[in-house]
1. As I understand it, the dipole of segment 5-181 uses +1 on the Cβ of Lys and Arg and -1 on the Cβ of Asp and Glu, about the Cα centre. Which of A167, A115, Q20 lies farthest toward its positive end?
2. Under a 10 Å cutoff between Cα atoms, tell me which one of T60, T13, T24 has the largest fluctuation in the Gaussian network model of the chain.
3. Specify the angular offset, from 0 to 90 degrees and rounded to the nearest 10, of the alpha carbon long axis of helix 36-55 from the longest principal axis of the alpha carbons in the chain.
4. Helix 13-24 versus the longest principal axis of the chain: what is the Cα-based angle in degrees, 0 to 90, to the nearest 10?
5. Check the straight Cα-Cα distances from K56 and name the aspartates and glutamates below 18 Å, setting aside those fewer than 8 residues away within the same chain.
6. Hey, can you grab everything whose amide H is under 5 Å from the amide H of E278? Only 5+ residues off in sequence or another chain; H modelled, so Pro and N-termini drop out.
7. Given the options A269, A41, A129, which has the most mean-square fluctuation in a GNM of the chain, springs set between C-alpha atoms less than 10 angstrom apart?
8. Using only Cα atoms and rounding to the nearest 10 degrees, what angle (0 to 90) does helix 212-222 make with the longest principal axis of the chain?
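Coordinate-derived values only; no laboratory data. Quick caveat: nothing in here was measured; it's all calculated off a predicted structure. All Cβ positions, glycine included, derive from the backbone under ideal geometry; neighbour counts span all protein chains shown.
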Amino acid sequence: MEIKTVGVVGAGTMGTGIAQVVATMGYKVIIRDIKMEFVNASLERMNKYFTKSIEKGKMTPEEKEKILGRVTITDSLKDFKDVDFVVEAVLENIELKGSVFQELNSICRKETVFATNTSSMSITEIGKASGRPNQFCGIHFFNPVPVMKLVEIINGLNTSEKTIEIALQFALSLGKTPVEVKKDSPGFIVNRLLLPYLNEAAKMLSEGVASVEDIDTAVKLGLNYPMGPFQMIDFGGMQLTVDVLNYFKEEFNNNNYAPQPILKQMIRAGKLGPKVGEGFYKY
């Protein structure tokens with residue numbers, strides 16, 4: 001199957017990054033959100049990114065115009081009728097994701113492959129809702145998409161080998177390094193390892209083992225991580241961290257995944273990270 005046009009559902013940080021990379025690598029891309037103001041803002045973020053790239057000598061104005069010329073914005077899923085590959089990047093809500101794919105199933109061609117950019121949720125469940133579970137997989141990009149090389153390609157219970165091969169080759173064509181997750185397990189590879197680590201850091205803080213700053217410094221210098229756990233929670237999202245831990249707790253039927261009370265207290269206090277000016281750090 002040859003992919004020429006890609007549909008991206010969701011014009012937030014992840015959707016914008018995915019659409020930008022897809023267009024940069026020569027594909028036509030249609031990016032959709034529920035309001036035109038959202039997709040217009042997405043296009044403007046791409047424009048600013050490319051303008052900075054020109055200032056740094058990484059691309060020419062002509063290259064920028066060619067890339068942006070491959071991007072179409074819309075607020076209607078009906079414009080996805082001729083796309084070859086769909087990447088969904090809406091909020092981490094399994095019912096919302098399922099409803100998006102239900103609608104797409106009645107719009108897109110039978111050959112179109114569906115993929116969800118979920119970071120943790122069941123590929124099998126969303127795939128069932130899509131109506132084409134054999135042509136459905138997970139394709140988990142990492143933030144910021146233009147920079148991060150890794151892409152997790154995840155099998156659902158009914159995902160065909162052909163679908164996985166198409167997704168793997170697509171990721172490679174974007175200049176990414178894909179890894180195949182052979183079993184549909186909550187959190188896949190990276191978040192399955194990451195979230196318990198973040199939760200343990202919050203537990204250490206609650207126990208008074210060390211300060212936020214010293215825990216982050218120890219991890220950065222002792223493990224050579226680019227940022228510490230509390231910086232990662234701030235930038236990744238306090239609410240998302242708690243939501244995913246609760247999802248793990250339910251799916252694995254294991255209370256060890258329960259989010260630490262301090263994380264829930266931070267949410268109640270409105271300390272959600274850089275967007276509001278304060279999380280574990282002030283911004």
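1. Going by the Cα projections, it comes out as Q20.
2. Highest fluctuation among the options: T60.
3. On a 0 to 90 degree scale, this one is about 80.
4. With rounding to tens, the tilt is 40 degrees.
5. List returned: E65.
6. Under 5 Å from the amide H of E278: L272, G273, Y283.
7. Maximum fluctuation in the GNM of the chain, among the listed residues, is at A269.
8. Result, in degrees: 70.
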